[in-house]
Every structure is written in structure tokens, then in C-alpha cells.
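The values are calculated or read from the model by the stated rules, or taken from the named source; none is laboratory data. These numbers come from a predicted model, not from an experiment. Because the Cβ atoms are built from the backbone with ideal geometry, glycine has one as well, and the counts that use them run over all protein chains shown.
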Amino acid sequence: MSQGDNTPQQTGHLTLNPVVHMGKESIIFLCLMGIAWGQMPVNPSKFRSGKLGNILVSAAGPLSNLALGILCIGMLKFISNRSLSELLSGEFLYLAAQINLTLFLFNLLPIPPLDGFHVFSEIFPQLKPLQYSQFGVFAMMLLFIIPEFGTGLSEIAHLVIQSALGGE
């Protein structure tokens, strides 16, 4: 909304209810495969800052994941005692950090319809035709077919967390 686009409000997407953002296909995938996605409808022609607005709006999701990951790592650093409740909290925070950092990396991939594609296509306009091709569909299918890819992103997140925690 800070960019002047009221499309999310007009379409009823200003809610914390994930079902509104997911759609039927995503709910089915969540039930069957444990994978879900969501969308926030926007109209880039309404952005006050034009291309910069599209970059800012597209980067907001991945940057939120990065911020949550960093917050979880920071909270992990404050867990010093090893009581059962703190160990359980530590496990939760570690998992939350790893998931959010993995999502940050994944969503920055320059593949339509991911946020990274919108960022890169504003910087490199020659990529825009790919948005409407079948490239994105096939690339996303490949990413889900090749489990090592997701494991690789998760491993990068794990290394970042370990480094931030001082190799603990």
C-alpha cells in the first residue's frame, strides 16, 4: 500500500488468513504434498515509484523471510542455559531460522512467478517475455523434481546459521 496500489484492499487480500492468499490449487498441494504458496495481487501501473516500486514490492516477501531468519538467529544467541524448555525453544528457533533463510534464497531465484524474477526483470527488461512463456512452469517443476536443489538451499541456510552462531 505504501507504493499507492490499493489492489490488495480491493480484492480482500489485506488479511492474515492464509486461505485467502493460497487458492484452491495451493490448498490441495498443501494437503497432498506439504507444499504451499500464496499470492498478493498487485497492479504495478499504480506504483508511485514505477520500476523501483515493483522492485521494492517484489523484494518485500524475501526480505521478510531474511528478517525473520535473522531474528530467530539473534534469539538463539540469547539461549545460554540448557534447560529442557530452552532446548525445545532452541530447536524451534533453529528450524524457523532455517526455513526462513531457505525461503529467502528460493524466492530470490529469477524464475517466474517467484519474487526474484520480478526484481531481476525490472533490472534486466529483456527477461520480461519469459514471464508469459512456459519457462517458469517447467523451471518450477524441475525445482520440485530435483530434491537435491531444495536440500542445497537448506544446507546453505544451515551454514549461514552455524556461522552466525559461531560454529556451535
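In segment 102-120, the residues that are within 17 Å of F138 (Cβ to Cβ) and assigned by TED's automatic domain parsing to the domain that holds V57 form Cβ pairs under 8 Å with partners that are at pLDDT 90 or above and not in a helix (DSSP H, G or I), at six or more places apart or across chains, as follows: L114/L108; G116/L108. In segment 48-58, the count of residues that are closer than 22 Å to Q162 by Cα, of a type outside the set (K, R) and either in contact (Cβ under 8 Å) with a residue 24 or more places away in the chain or not assigned by TED's automatic domain parsing to the domain that holds N6 (or both) is zero. For R48, the criteria (1) modelled with pLDDT of 75 or more; (2) in a loop (DSSP other than H, G, I, E, B); (3) within 20 Å of the chain's Cα centre (by Cα); (4) farther than 21 Å from P112 by Cβ hold in every case but one, which is (3). With respect to the conditions (1) closer than 19 Å to W37 by Cα; (2) surrounded by 17 or more Cβ atoms within 10 Å (Cβ to Cβ); (3) at pLDDT 90 or above, I99 falls short on a single one, namely (2).
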